[in-house]
Amino acid sequence: MESEFVPVSREFKSHVTGRDGAVLNTIRQTSRAKITSTDGDEEGFIIFGDAEQREIARKLILEKVVSFF
């Protein structure tokens, strides 16, 4: 299974995760990808899945970040 890192700054991660992880769980269900959050030097999410799953998850994560503005 391939993986991909999507950088998301700390200030926007909670917007992507949602209350009690609800938004992130919806992204997981929609994309069928496994998604984990990273902390530390590189904030963001690691997406695991095939190319289509990763593409859908990346798009949904970035849409949430952009919708914050």
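Values quoted throughout were computed directly from the atomic coordinates according to the rules given, and no laboratory measurement underlies them. Note that the structure is predicted; figures quoted are calculated from it, not measured. Backbone-built Cβ (ideal geometry, glycine too); neighbour counts: all protein chains shown.
For this structure, a couple of remarks:
- Loop-located trypsin sites (Lys or Arg not before Pro) in region 1-35 (DSSP state not H, G, I, E or B) with no more than 13 neighbouring Cβ atoms inside 10 Å: 32.
- Shape analysis of region 29-69 yields a ratio of the Cα radius of gyration to the Kirkwood radius, Rg/Rh, of 0.99.
- Of 50, 41, 20, the residue with the greatest mean-square motion in the GNM of the chain, using alpha carbon springs below 10 Å, is 41.
- Semi-axes of the equivalent ellipsoid of region 1-61 are 17, 14, 8 Å, computed as sqrt(5λ) over the eigenvalues of the C-alpha gyration tensor in descending order.
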